[in-house]
Structure formats: structure tokens, C-alpha cells
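Notes follow the structure.
The values are calculated or read from the model by the stated rules, or taken from the named source; none is laboratory data. Only a predicted model underlies this, so the values are computations on that prediction, with no experimental measurement involved. Cβ coordinates were reconstructed from backbone atoms using ideal geometry, including for glycine residues, and neighbour counts include every protein chain displayed. The protein model used for the area step is the full one, side chains on, heavy atoms only, and it has no ligands, DNA or RNA in it. Shrake-Rupley method; radii C 1.70, N 1.55, O 1.52, S 1.80 Å.
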Amino acid sequence: MSKARTWAKFLLVVSAPVLLCYSLTTPARHRRLLANEVPERLRPLYMSTLENDGAEESNLLTRVLDVARNAGVVKRLSDLSAVASGLSTAVGKPEMIGEYFRPENVLLDLQYGNATEHRLDVIYREGRQTTHRRPRPVLLFFHGGAWGSGTKLFYRSFARRLSNVTQCTVVVCGYPTYPLATAWGQASSVALATKWARSREGRAALGDREVEAGLIVCGHSSGGHITSLSTLWAAEDLARAENQTEGDLVTKHMIHASPSLHELSTVLPDAFVGVAGVYDIRTHYVYEESRGVADISPMKPACGGSPELFDELSPRQELRRMSAEGVRRVPPILLIHGADDAVVPSTSSHSMNVALALARSRAGVETGLDMYLHLDDVGHADFVTEIAFMEDETPAADRIFPVIKSFVDAVAANGLE
């Protein structure tokens, strides 16, 4: 332990001057490069927030932590930690190596957008090519990582298990995280992946019958945030386009140049599944402050840095802003949260569920398919880690995956009516 502390002090002494010089000479510089991801009407507020942050961050520790986030240090350390944990587990479980590096019945690293990180892995369901079997919806999964870390490689065994239980093809989507993308850009990645799945290339990879059976976006933690936000924006964009008679269409999603109704419809999924998601950024920032992680977490800079921009990126607040026509376009939603979640409190999903019910009521629509599941004795990422590390017992996944299957069954049956 003493050696570890000595090394930690040495690294701090060596790195602190470099980080301080960087922070003093280029405060928030790289974040200005991300401003194009922010809607034009919000860009002045985004830029002024950056300037205020640069002026207020006089505390050395705060500046160093901010630089560490902006330079991607948090992302690299988090990803390296996950890889190291996986490798240490693989020493005792060599079957993990085959699962991650020699998987079967898959297509790997398909490009769905312009960024290097816009790559996805397709984990095919068993028996999908049997013509007499009824096609099943496709699940597009987006990992979490506090908006600033995560890799799709970590989720291959997870996706295989999810595919086996739900009998669906599962697509694990990689995407740029902070500091390479803001939350606006990350939500756009969800839209791009959904659009790709319905494109000629996507249908060739996934199968026409599977795509027609339905596309369901699924996200965990911050992945739940960006997938829910993308879903709500897509619903509102489509409603605006259908009701606009003149003038230029201003869309929530910024991936559209001159969108047609058809293009807008390709971005809207047929259902959404959120597990331990963050649905109100302002509320969650207060919670991160109470835990003492607000200066480490990439959430604040990724989500704009101000309470007003936090609200703009909050799905729960978006439901309140949406038109009745937009709410009518929102597909069925399943929300799942563990009572023992200390990273994202379960009140996040509960509040989102209440907001969804109120929005549905206001719009005079009832799908009958929305579901909310609150699970005792389940933490934030139990259902991911217990499968990723191939533990002998997987109690969280054993409870969560069958619920997702039931929801998928209901969505699929509703699509056939």
C-alpha cells in the first residue's frame, strides 16, 4: 500500500505542472470545437457557459480535474480498468477469451456513421434463417459509461445472453463519448444507428424480415439517457413535419439536412427499453454533487454545463415540452431500475414513468404497453457485470432479461395486429 501511495504522489507531482500549464493556456478550448453539435438557438448559452467555467475554475484541483476530463483521461482510465478486470478474470476462465475474441454467429465492426467510434457488432439470434419461424424484432443496445467511457467489446457476452433469452438479434453500438462528443452528439449516434438499421446496408446485415418485425433501442445508465432522448426527439420531429405547411422545418435531431417524412420516420424506433437510466440531468447533477463525483464525472461538460442546458437534455423535461402530436408518436417504453442502485437512484426511472403517464394522458393516448419495473436487491450494473465476467450465478440478469423478453413479445404482437 505504501508503494502505491508513493507512486501516486510521484505521478501527481510530475503531471500537475503539465496539466496546470495546459489548463491555463487552453481553458475549455476543445469544448468549443463541439459547439456545432449544439442546436443553434442554444449555442450562445453553451459558449457563455464555457467562458464562465473558465473564469470560475480558479481552484487548482478543480482545474486539474477539468483538464483530466477534457483530455479524455477519465475515459481512458475507465476503459483500461474494465479491460484489466476482464483480463484478470479471464486467467481463471479461459472460455471468456473465445467469447470476446472468437465469437460465433456474429458480424463485427460494421460502420454506421462518419466517426471512428460509429461501429457496431451484430449478435445474431439462433435460428433466424429458418424461414418457417416468425421473425423477431432487433434490439439496438447502447452501453453506459457516464457519457465519457465504455466500449462495445465489453458487452459481447452480455449481448449473447440477451439474444438467447429474448430470441432477438442484438446489435451492440459503439459511439463517440466525451470529450469526443457531447450528449447532443451521442443522441445523434442513436439516431444514426437506427437510421442505418433501416437502410439497405442495415437490412442486408440484419435481414428484412427482422427489421420489419421492429427496431427496439435499449440503453443502460447514460446509454438509457441518450436512447430515450433520441426516441423523444424523433417522435417530435416527425410530428412537426406532418403538421408543418410552410417555412423551414427545425428538427430536434441535427443529423438531418433537408429531411423528408420518410427520413424522419427511419430514426424513430418501434420501442424503447431503459435500464437504470438518467432522465433528468439537473436532478442527477445535484445527486453527483452529494456523492462528491461531480468534478470527476464527464456528465457536466457533456451535457452543456448549465442548469438550463441540463433541462434541454432531460427526457423527463422533454416529455413536458412535447406537443400532443409528438407524444402520440412516442413508442412503447419499458423502464427498469434496481432499488439498490447507488450510482443512479431508482427515483430517476420512477419520475420518468410518472412524466410519461402524464404526457400520455395529456395527449389523450394510451398504448397499454408501457411498463415500469422496480427491482429489490439489484444494483446499478449487476446485470451487466455478472454476465461480462461469466459469474456462476446471475440473479440480476435472471430477473431483468425475462421482463425484456415479455416486453419485446408484446411489442412484436402489437406490430402484427
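Here are a few things to note about the model shown:
- Our summary gives the range 297-394 a relative contact order of 30 percent, counting only alpha carbon pairs under 8 angstrom and 6 or more residues apart.
- Between the beta carbons of residue 43 and residue 321, assuming R0 = 22 Å, the FRET efficiency works out to 0.70 to the nearest 0.05.
- Linear extension gain, residue 107 paired with residue 351, 0.36 nm per residue minus alpha-carbon span: 84.1 nm
- The alpha carbon convex hull volume per residue for the range 292-389 rounds to 135 Å³.
- Rounded to the nearest Hz, the phi-derived 3J(HN,Hα) couplings of the range 364-377 under the Karplus curve 6.51 cos²θ - 1.76 cosθ + 1.60 (θ = phi - 60°) are x, 9, 9, 7, x, 10, 4, 9, 9, 10, 10, 10, 6, 6, where x marks glycine and proline.
- Approximate spin-label separation residue 414-residue 362, in nm, with each point projected 7 Å along Cα-to-Cβ: 2.0 nm
- Cross-link pairs 152/252; 252/300; 195/252 - those with Cα-Cα distance over 23 Å: 152/252
- Put simply, when 185-194, 272-281, 340-349 are sorted by average Cβ atoms within 10 angstrom per residue, most first, you get 272-281, 185-194, 340-349.
- The distance separating the Cα centre of the range 159-232 from that of the range 374-416 comes to 17 Å.
- Segment residue 133-residue 262, length gained on full extension (0.36 nm per residue, minus Cα span): 43.5 nm
- The accessible surface of the range 371-417, taken with every protein chain in place and a 1.4 Å probe, is 50 percent carbon and sulfur.
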